[in-house]
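Engineer: One structure coming up, written as structure tokens, with questions to follow.
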Number of protein chains: 2
Amino acid sequence: MTISSRFAVAIHILSLLELNKDGVSTSEYISGSVNTNPVVIRRIMSMLSKAGLANVRPGVAGAKLARDISEITLLDVYRAVHVVEEDGLFSVHEKPNPECPVGRNIQTSIEPIFSAAQKAMEDTLAKVTLQDIVEDIGGKEANVCD
Amino acid sequence: MTISSRFAVAIHILSLLELNKDGVSTSEYISGSVNTNPVVIRRIMSMLSKAGLANVRPGVAGAKLARDISEITLLDVYRAVHVVEEDGLFSVHEKPNPECPVGRNIQTSIEPIFSAAQKAMEDTLAKVTLQDIVEDIGGKEANVCD
DNA sequence: GTTAGTGTAACTATCATTGTTACAATGGAT
DNA sequence: ATCCATTGTAACAATGATAGTTACACTAAC
């Protein structure tokens, strides 16, 4: 099991929007950098747009960041692309036997721990901004895709 | 996406082995508490056995814990059932365009962060032992499944 | 009006998960 | 030695998510 690459692609997209901020970032252009189908990009872009991270308009070529990259955390991106639901990282078997002490208590015993573990992961994402990524990626690279 | 319920079931199984330590915990018996098929239990038990957390023998009815529950962390269980590979919680798109500064750097920029986030989650699991679970579940419950 | 680009539905292929049946192998009970 | 409950595992089905693809309606810049 893995968390969908949608998340990584979304980070890629937003970083590219920043580094290509003076150019026109169409889904075609972005898909060339990500190396996938433009529709995949548009689907993710739609989620980013709904989450208020990027702006796109039908008919108008090119997406733009909706906020400064220093104000977008990886947690924002992660939530935007719906890769993991709230308290939904771990799944728990649904119908344990209520006749059994273990069966009738296991869910409530485990859930807070699973929840805390998920939160620890998400807190880590919250501490990183797109700016950190872009600095790491493009700080030394002068140009954008040819 | 969710982490397989194998993990939750494994915790359930091991907790049950503890609370039923004086009884005979066959896959049939356990499956009754988990409410699933005995084969599902045997499959998970096989992983727990390989990981040195439980002992089972072909032909001999009933599994037993291989260690004291205070010495088994949820991380041990999580690793045992292979729900997430090392550095494999997040997936990264595999072939970004090397011609593009973003494409050729995104993977190495993101990976350490993904790795740290995963580690934060796993560290949380490492801090909880089966004893914590069993105390929470069965501390007040006197009996085991009828 | 033409045209490039976005939005989205629909379909495919692939994969992991979970449950199921089936059966060989094991070892305790008799 | 035989019986038989149990374990170990292969094989298969059903389900659901993912990622890619084609197709096409809709939008707005020119």
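What follows draws every value from the coordinates through simple rules; no lab data is involved. None of the values given here were measured: they were computed from a predicted structure. Cβ placement follows ideal geometry from the backbone for every residue including glycine, while neighbour counts extend to all protein chains displayed.
Engineer: Applying the Karplus parametrisation 6.51 cos²θ - 1.76 cosθ + 1.60 with θ = phi - 60° to the phi angles of region B:119-135, what ³J(HN,Hα) value in whole Hz is obtained for each residue in order, glycine and proline being reported as x?
Structural biologist: Rounded to whole hertz, the list is 4, 4, 5, 5, 4, 5, 5, 5, 7, 10, 9, 4, 4, 4, 5, 4, 4.
Engineer: Return the calculated 222 nm mean residue ellipticity for the protein assembly as shown, to the nearest 500 deg cm²/dmol, obtained by summing -39500 (n - 2.57) across DSSP H runs with n ≥ 4 and dividing by the residue count.
Structural biologist: Using -39500 (n - 2.57) per qualifying helix, the result is -16500 deg cm²/dmol.
Engineer: Over its Cα atoms, what ratio of radius of gyration to 2.2 N^0.38 Å does the protein assembly as shown give?
Structural biologist: 1.21
Engineer: Taking a point 7 Å out from Cα toward Cβ as the label site, list the nm distances between B:K127 and the same residue in every other copy, smallest first.
Structural biologist: 1.3
Engineer: What residues qualify as long-range amide H neighbours of B:F90, i.e. H under 5 Å apart, gap of 5 or more or another chain, H built at 1.01 Å from N?
Structural biologist: A:I3
Engineer: Out of residues 5 or more away from B:A54 or on other chains, whose amide H comes under 5 Å of its own, with H placed 1.01 Å from N in the peptide plane?
Structural biologist: The answer is B:S49, B:A66.
Engineer: Say a label goes 7 Å from Cα toward Cβ at A:P112 in every copy; what distances in nm does this one have to the rest, shortest first?
Structural biologist: Copy-to-copy label distances at A:P112, shortest first: 3.6 nm.
Engineer: Could you list B:L125, A:L75 in order of exposure, starting from the residue whose Cβ has the fewest other Cβ atoms within 10 Å?
Structural biologist: Ascending Cβ contact count within 10 Å gives the list A:L75, B:L125.
Engineer: With r defined as the distance between the Cβ atoms of B:N37 and A:D22 and R0 fixed at 41 Å, what FRET efficiency is calculated, to the nearest 0.05?
Structural biologist: Calculated transfer efficiency: 0.10.
Engineer: Also, I was wondering about something else. So what's region A:96-138 giving for Cα Rg divided by 2.2 N^0.38 Å, two decimals?
Structural biologist: 2.03
Engineer: Determine, for A:D136, B:D22, the number of other Cβ atoms within 10 Å of each Cβ, and report the residues in order from fewest to most.
Structural biologist: Details: A:D136 18, B:D22 6.
Result, fewest neighbours first: B:D22, A:D136.
Engineer: If I model a spin label as a point 7 Å beyond the Cα along the Cα-Cβ vector, how far apart are those points for B:S70 and A:S4 in nm?
Structural biologist: 4.5
Engineer: Also, I was wondering about something else. So what is the relative contact order for region B:1-108, in percent, with contacts set as C-alpha pairs under 8 Å and at least six apart?
Structural biologist: On the way: 93 pairs, mean separation 28.7, N = 108.
The normalised contact order for region B:1-108 reaches 27 percent.
Engineer: Any chance you could check the Cα centroid distance between region A:1-71 and region B:69-89 for me, in angstrom?
Structural biologist: That distance is 35 Å.
Engineer: Compute the projected area of the convex hull of the Cα atoms of region A:1-109, averaged over all viewing directions, and report it in nm² to one decimal place.
Structural biologist: For region A:1-109, the mean projected area of the Cα convex hull comes to 8.9 nm².
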